[in-house]
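The values are calculated or read from the model by the stated rules, or taken from the named source; none is laboratory data. Model, not experiment: these values are computed from the prediction. Here Cβ is always computed from backbone atoms with ideal geometry, including for glycine, and neighbour counts include all displayed protein chains. The accessibility values were calculated without ligands, DNA or RNA, using every heavy atom of the protein model including side chains. Shrake-Rupley method; radii C 1.70, N 1.55, O 1.52, S 1.80 Å.
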Amino acid sequence: MKLFGSSGIRGIVNKEVTPELALQVGLVLGSRKKTAVIGRDPRVSAPMIEHALVAGLTAAGCDVTKVGMVTTPTLAYAARKYECGVMVTASHNPSEYVGIKLWNPDGMAFDSAQQEEIEEAIEKENFSRVTWDLIGKITEDQNAIRDHMDMIKGLVGNSKLRVVLDCGCGAGSTITPYLLQELGCQIITLNSQPDGHFPARNPEPNDQNLSLLKKAVVAFEADLGIAHDGDADRMMAVDEKGDFVSGDELLAIFGRFECGGEKGAVVVPVDTSMMVGDYLEGSKIIRTRVGDVYVAEGIKQCGAIYGGEPSGSWIFPKISYCPDGIYAAAKLVEIVREKKLSELRAELPVYATKRGALPCPNEKKAEFMEKAKATLEPLGTVLDIDGIRVELENGWVLVRPSGTEAKVRITAEARENVDGIYEMAEKIVREALK
Ligand code: MG
């Protein structure tokens, strides 16, 4: 039984993710851990799922501390004082979704082995209920947000910038406006009242969903705009001209400041622009599968200074292995204090990218990838951890089966002639699909 994806358990509430399932997750987890901390995002369904989890955890004898509505990085940071953390969130998914994500004390999400252990235990009902006198205690901690803010304030300097902040009515509303204000900024908030109906915009902080923020930054003559997803592990930005800053650009800008001239390792997913490596000249770029969990695992394995996922997840291992959109927001403001965001962007190399897809039935994907690999291998250095990425002299190409659709995706990036590289890759893919 597959319950967990790369972002924990996630699905439509009362269909895929039910109180019964949450109760079982609680029973299984509570049978293995003595203490847990639990938080939730503003979703309408989150308190219901939270209550079921707490019932399961305590029935198995685990003491539970509730921190209420918080961001995912706040919960992951709070988990350091417990044996595990539990976050009820569906991140950037729309209102009808809910999810459960489990955390280790070091801020690392449960890895695949830990998730499989939980799945197997649920299937085999491998959990125990304790007698009345051993039922877990339930307490509340009102200080989780304050602790998280204080940790960040200890690491990031003050700035007096004018910032427009769009929390998308998500959990970021509970912390980022207050933190940036305490750091000296003048804050103009948009959609910063938590509301699980997400009335203002889709919670995903991408270019098309941030049109209001882009206009507001220009209208208020702000220095920058910042946006979160529903649980604020992600952060994206808009420069002072009202232009959306791409994930690759933010990845490179944070990388430059985190490495601070050191030649450390930086971890990125396979589909990240080679611009990042060129800009962070001297740093070792380590590539992982696509997904912030894999980036976090990569950072831990090789002791990297920093890593990120261009969808908006920035991981600073000195504070936590959990992507922290709040720390990232404070850090970006500190960076922009010295130089305008548009000027920082202008320093970055720009390469052409071309993306496309060809139809491929799901059952044929494995066979196709074998064939494609054999043809692509002689062209350059191949990395096949997630699709097939071929490093060419003047660029790279990635052939990757879609996780959700019956398609194979092709991405090409090049310093010159991206069309030529893309067409060559597409020809190979067409052949392999025959
Ligand atoms: Mg998220």
Checklist line | Extension gain from residue 131 to residue 391, taking 0.36 nm per residue of separation minus the Cα-Cα distance | finding: 87.6 nm
Next item on the list: Sort the chain into rounded, prolate or oblate with this rule: let a ≥ b ≥ c be the square roots of the eigenvalues of the Cα gyration tensor; rounded if a/c is under 1.5, and if a/c is not under 1.5, prolate when a/b is larger than b/c, oblate otherwise.
Entry: oblate
Next item on the list: Name all residues of the range 208-235 having a backbone nitrogen under 17 Å from the label point set 7 Å from the Cα of residue 162 along its Cα→Cβ direction, giving them as ranges.
Entry: 213-226
Item checked: For the chain, accessible area per residue (1.4 Å probe, heavy atoms of protein chains only), Å² -> 42
Notebook entry, point to check: Between residue 6 and residue 147, what FRET efficiency comes out of the Förster formula 1/(1 + (r/R0)^6) with R0 = 25 Å and r the beta carbon distance, rounded to 0.05?
Noted result: 0.35
Note to self: Explain nothing, just the number: relative contact order of the range 238-301, from Cα pairs under 8 Å at least 6 residues apart, as a whole percent.
What the structure shows: 30
Checklist line | Sites residue 140 and residue 96, calculated FRET efficiency, Cβ-Cβ separation with R0 25 Å, nearest 0.05 | finding: 0.30
Check: Normalised by the residues of the chain, what does the relative contact order come to in percent, with Cα pairs under 8 Å and at least six apart?
Finding: 12
Item checked: Cleavage-rule hits, trypsin sites (Lys or Arg not before Pro), the range 17-122, DSSP coil, Cβ neighbours within 10 Å at most 13 -> 34
Notebook entry, point to check: What 222 nm value per residue comes from the helices of the chain, counting each DSSP H run with n ≥ 4 as -39,500 (n - 2.57) and dividing by all residues, nearest 500 deg cm²/dmol?
Noted result: -10500 deg cm²/dmol
Margin query: 5 Å is the cut-off here: which amide hydrogens, built 1.01 Å from N in the peptide plane, fall below it relative to residue 92, excluding neighbours closer than 5 in sequence?
Written below: 230
Check: So which chymotrypsin sites (Phe, Trp or Tyr not before Pro) in the range 337-434 pass both tests, a DSSP loop state and at most 13 other Cβ atoms within 10 Å of the Cβ?
Finding: none
Margin query: How high is the relative contact order of the range 307-366? Use alpha-carbon pairs under 8 Å, at least six apart in sequence, and give a whole percent.
Written below: 16
Notebook entry, point to check: If amide H atoms are built 1.01 Å from N in the plane of the peptide, which residues on other chains or at least 5 residues away come under 5 Å of the amide H of residue 286?
Noted result: 266, 267, 268
Notebook entry, point to check: Per-residue HN-Hα couplings for the range 25-30, Karplus 6.51 cos²θ - 1.76 cosθ + 1.60 at θ = phi - 60°, whole Hz, x for Gly and Pro?
Noted result: 4, x, 4, 5, 5, x
Notebook entry, point to check: When Lys and Arg each count +1 and Asp and Glu each count -1, what net charge do the other residues less than 15 Å away from residue 30, Cβ to Cβ, add up to?
Noted result: +1
Margin query: Longer than 19 Å from Cα to Cα, which of 66/101; 2/407; 215/331 are they? Say none if no pair is.
Written below: 2/407; 215/331
Margin query: Let's test the formula: R0 of 45 Å, r as the Cβ-Cβ distance of residue 404 and residue 34. What FRET efficiency results, to the nearest 0.05?
Written below: 0.75
Check: How large is ³J(HN,Hα) for each residue in the range 405-410, as worked out from phi by the Karplus curve 6.51 cos²θ - 1.76 cosθ + 1.60 (θ = phi - 60°), to whole Hz, x for Gly and Pro?
Finding: 10, 7, 8, 10, 9, 10
Next item on the list: Go ahead and collect, in residue order, the members of the range 268-286 whose backbone nitrogen is under 18 Å from a label point 7 Å along the Cα-Cβ direction of residue 347.
Entry: 275-284
Margin query: Apply the Karplus curve 6.51 cos²θ - 1.76 cosθ + 1.60, θ = phi - 60°, to the phi angles in the range 78-89 and return the couplings in whole Hz, x for Gly and Pro.
Written below: 5, 4, 4, 9, 10, 6, 7, x, 10, 10, 8, 7
Margin query: So if a site counts as exposed when it's one of the GluC sites (Glu not before Pro), its DSSP state isn't H, G, I, E or B, and it has at most 15 other Cβ atoms within 10 Å, what's the longest stretch of the chain without one?
Written below: 126-220
Margin query: Given the options 67, 44, 18, identify the residue whose Cα lies farthest towards the positive end of the charge dipole of the range 13-71 (+1 on Cβ of Lys, Arg; -1 on Cβ of Asp, Glu).
Written below: 67
Next item on the list: Give the carbon-plus-sulfur fraction of the accessible surface of the chain in %, rounded to a whole number; probe 1.4 Å, heavy atoms of protein chains only.
Entry: 48
